[in-house]
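Below you'll find the structure, written out as structure tokens, and then a few comments.
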Amino acid sequence: MSRIGRMPIAIPAGVTVDIAENNLVTVKGPKGTLSRALAPEMEIKVEGTEVIVSRPNDLKKMKSLHGLTRTLIHNMVIGVTEGYTKTLEIQGVGYRAEKSGKKLTLHLGYSHPVEMEDPEGLESKVDGMNIIVSGIDKEKVGQYAANIREKRQPEPYKGKGIRYADEHVRRLAGKTGKK
């Protein structure tokens, strides 16, 4: 049985979980509201202060969906209570970021500055050479951080570019001269 899927999800105080038909789960909390349509085969129940996910049978697809469904609901509960953040570091001479309103402007060694608009429900802050992306939806926070990183990925020779704060960039040796 799925070890993750069978664990109950604790509902903190101030959070409400509603389950509509076809497993449309809505989670409301102090930071906002998230809703998502989950697999209709899964059985989702709210019992007291816990959400319990169970599967109808032991087919391989059901086993996969069991853990996934539980994790998605758990991520929604954490999102509306604590929120999610991703930190990106800018490394490179002349590389910098500026924030004005909802517009993030990146100077990354191109002939033009790269401008990005914050998506709905997300916020980005510039702190020195760091960009901090925060929001309540884990998936959107991760995707927006990946889109920012994509503008100038870290290169392996000098390590210049935009990287995640916890990312390790494998470095390569440069060219050697003739003998």
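The values are calculated or read from the model by the stated rules, or taken from the named source; none is laboratory data. Everything quoted here is computed from the prediction, not taken from an experiment. Cβ sites come from the backbone with ideal geometry, for glycine too, and all protein chains shown count toward neighbours. These accessible areas exclude ligands, DNA and RNA; they are computed on the full protein's heavy atoms, side chains included. Shrake-Rupley method; radii C 1.70, N 1.55, O 1.52, S 1.80 Å.
Residues in the range 110-123 that are charged (D, E, K, R) and in contact (Cβ under 8 Å) with a residue 12 or more places away in the chain were compared, and the one that is nearest to Gln91 (Cα to Cα) is Glu115. Quick one: is Val46 free of Cβ contacts under 8 Å to residues at least 60 places away in the same chain and open to solvent by less than 80 Å² (accessible area, probe 1.4 Å)? In short, yes. Here's a check for you: in the range 85-109, which residue that is hydroxyl-bearing (Ser, Thr, Tyr) and free of Cβ contacts under 8 Å to residues at least 40 places away in the same chain is surrounded by the fewest Cβ atoms within 10 Å (Cβ to Cβ)? Ranking the qualifying residues of the range 85-109, first place goes to Ser100. Report yes if Ile162 is farther than 26 Å from Val27 by Cα, surrounded by 19 or more Cβ atoms within 10 Å (Cβ to Cβ) and at pLDDT 95 or above, otherwise no. Yes: the conditions hold for Ile162. Residues in the range 20-43 that are free of Cβ contacts under 8 Å to residues at least 24 places away in the same chain and over 27 Å from Leu122 (Cβ atoms): Glu21, Asn22, Pro40, Glu43.
Conditions (1) among the small types (Gly, Ala, Ser); (2) open to solvent by 40 Å² or more (accessible area, probe 1.4 Å), marked per residue:
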| site | (1), (2) |
| --- | --- |
| Asn75 | no, no |
| Glu123 | no, yes |
| Gly135 | yes, no |
| Ala145 | yes, no |
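On the basis of being aliphatic (A, V, I, L, M), on the phi < 0 side of the Ramachandran plot, touching a residue at least 12 places away in the same chain (Cβ under 8 Å) and part of a loop (DSSP other than H, G, I, E, B), does Met7 make the cut? Against the criterion (aliphatic (A, V, I, L, M), on the phi < 0 side of the Ramachandran plot, touching a residue at least 12 places away in the same chain (Cβ under 8 Å) and part of a loop (DSSP other than H, G, I, E, B)), Met7 qualifies.
Matching residues to (1) touching a His at 6+ places or on another chain (Cβ under 6 Å); (2) modelled with pLDDT under 95; (3) among the hydroxyl-bearing types (Ser, Thr, Tyr); (4) not in a helix (DSSP H, G or I):
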| residue | (1), (2), (3), (4) |
| --- | --- |
| Val53 | no, yes, no, yes |
| Asn57 | no, yes, no, yes |
| Val80 | no, no, no, no |
| Glu89 | no, no, no, yes |
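Kindly evaluate Glu117 against the criterion of being within 23 Å of Ile78 (Cα to Cα), open to solvent by 100 Å² or more (accessible area, probe 1.4 Å) and at pLDDT 95 or above. No; evaluated as a whole, the condition is false for this residue.
Scanning the range 38-47 for residues that are of a type in the set (A, V, I, L, M, F, W, C) and in a loop (DSSP other than H, G, I, E, B) gives Leu38, Ala39, Met42. Residues in the range 16-37 that are hydrophobic (A, V, I, L, M, F, W, C) and either modelled with pLDDT of 95 or more or part of a strand (DSSP E or B) (or both): Val17, Ile19, Leu24, Val25, Val27, Leu34, Ala37. Do we find a residue being part of a strand (DSSP E or B), more than 30 Å from Ile19 (Cβ to Cβ) and out of contact with any Asp or Glu (no Cβ under 9 Å at 6 or more places or on another chain) anywhere in the range 127-143? Scanning the range 127-143 turns up at least one residue that is part of a strand (DSSP E or B), more than 30 Å from Ile19 (Cβ to Cβ) and out of contact with any Asp or Glu (no Cβ under 9 Å at 6 or more places or on another chain).
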